[in-house]
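Some notes on the structure that comes next.
The values are calculated or read from the model by the stated rules, or taken from the named source; none is laboratory data. What you see is a predicted model, and the numbers here were worked out from it, not measured in a lab. Neighbour counts are summed over all protein chains in view; Cβ atoms, including those assigned to glycine, are modelled from backbone coordinates with ideal geometry.
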Amino acid sequence: MINHIKTILFFLLAVSLFSCENPTVEKEPVEIIPEYEPTMEYGLNLDSFIVHKNIIKPNEFLANILLKHHVPYSEIDRLAKESVRVFDVRKIASGKNYTILCKKDSIEKAEYFIYEPNAIDYIIYDMCDSLIITKGKREVITKINSASGTIKSSLYQTLDDANVSPVLAIEMADVFAWTIDFYRIQKGDWFKVVYEEKFVEGKSIGIGKVLASNFNHYNKDFFACRFIQDSIPDYFDAEANSLRRAFLKSPLKFGRLTSGFTMRRFHPVQKRNKPHLGTDYAAPTGTPIMATGDGLVIASAYSKYNGNYVKIKHNSTYTTQYLHMSKRFAKVGQHVSQSDIIGKVGSTGLATGPHVCYRFWKNGSQTNHLKEDFPPSEPVKPKHLKRFKTKLKEYKSQVDQIKLKTI
Ligand SMILES: [Zn+2]
């Protein structure tokens, strides 16, 4: 964007300069000598050195590299020690880029060693006189890009076929995690997406944020628009509702929390200390148990310890489970909505009295759902609505302009 503005400014300036000239005055032809453009990188003029650009090889250490370029061992040792405050040289890893700038003389001793831990940062070891170690950053330019596709198999595969980084699939799946079940997307579903892409020196270094997207799933449009209110970014639909859904705090409308999530508790039946990776809510047998969020039933079974239980996968991040039911009302493969009754309270399995043991997984590990800090799922606040509508209109027109790829 900044570059774009620069181009326009430059153009305007050129036009204004041109129009100031008096067209009737004839000018003598002037020989144009191309101006010398030094090769600048890391803030250094590379033309003054012999430049070696290379990649750290497996089992290659700083000492191996610098010794080859006539840096004495004592100097390397000092460099490694002094570097600690800026960068620990033990972190130099194979596969990373480095540059050595050597003096243009008969010895060709290294004067600079520049290590690049990633595409953005670099560390300069200036060994010209006294040792100076500094950190630098390359300029990251964020461009707005767009992509589209029609689903043939998975979203990931569709993006890959369209030569778009499949990382975008992960970002999109996150945006729509609560509205679209990506395990159920079908052939013919399609999407258009406007997103950020980050560049360093003209090379893409990765996907940034998804800004807006229209996902057509089973012939229904799902629109997502990124919007920041009170410094918190979130995704909203065209009606200014959050795309996120909050979980119900408890699977029972009325129930009493009798045993919380703990890594150590005395088990009333087994009579020994063991972690309790769930939250128990006691209620009379037969009390309805609700799904705490929309999702897919991935287990509905009976086991010795769990008794009758149901397990629901909500999206790629969250899964919940409900134990000790007297009755189960959910079948594997069934889609449930938040508050749907999936069973009734009982004391089947290893239980002393009627209760539901509610278990919660985040990214595959069991957590205490009461301690989870869920982002807000409220709609856009009235005071931000005007700004939201402007943003939405802008994004909608950008998304509409994307031509749908049907490859
Ligand atoms: Zn329990």
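Numbers for the structure displayed
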{"quantity": "Matching entry among S316, S326 (being away from the ligand (no atom under 15 Å from the Cβ) and touching a helix residue (DSSP H, G or I) at 6+ places or on another chain (Cβ under 8 Å))", "calculated": "S316"}
{"quantity": "Test: residue in segment 360-367 that is within 13 Å of the ligand (Cβ to nearest atom) and either at pLDDT below 90 or under 20 Å from S259 (Cβ atoms) (or both)", "calculated": "yes"}
{"quantity": "Identity of the residue in segment 271-310, part of a loop (DSSP other than H, G, I, E, B) and hydrophobic (A, V, I, L, M, F, W, C), that ends up farthest from the ligand (Cβ to nearest atom)", "calculated": "A291"}
{"quantity": "Selection within segment 185-205 - farther than 14 Å from A147 by Cα and touching a residue at least 60 places away in the same chain (Cβ under 8 Å)", "calculated": "V200, E201, K203, I205"}
{"quantity": "Residues of segment 58-79 satisfying the condition of being surrounded by fewer than 11 Cβ atoms within 10 Å (Cβ to Cβ) and either under 30 Å from the mean Cα position of the chain (by Cα) or under 19 Å from S130 (Cα atoms) (or both)", "calculated": "P58, Y73, S74"}
{"quantity": "Scope segment 314-350; condition surrounded by fewer than 21 Cβ atoms within 10 Å (Cβ to Cβ), in contact (Cβ under 8 Å) with a residue 60 or more places away in the chain and farther than 11 Å from G286 by Cα; matching residues", "calculated": "S316, T317, H335, Q338, S339, L350"}
{"quantity": "Per-region count, segment 190-227, residues closer than 26 Å to A246 by Cβ, in contact with a strand residue (DSSP E or B) (Cβ under 9 Å, 6 or more places away or on another chain) and of a type in the set (D, E, K, R)", "calculated": "3"}
{"quantity": "Enumeration of residues in segment 80-130 that are of a type outside the set (D, E, K, R), surrounded by fewer than 20 Cβ atoms within 10 Å (Cβ to Cβ), touching a residue at least 12 places away in the same chain (Cβ under 8 Å) and more than 23 Å from P58 (Cα to Cα)", "calculated": "V86, C102, I107, C128"}
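Quick grid of which residues meet (1) part of a loop (DSSP other than H, G, I, E, B); (2) touching a Gly at 6+ places or on another chain (Cβ under 9 Å); (3) within 16 Å of Y42 (Cβ to Cβ):
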| site | (1), (2), (3) |
| --- | --- |
| A63 | no, no, no |
| F87 | yes, no, yes |
| S94 | yes, no, no |
| S106 | yes, no, no |
| F113 | no, no, yes |
| I133 | no, no, yes |
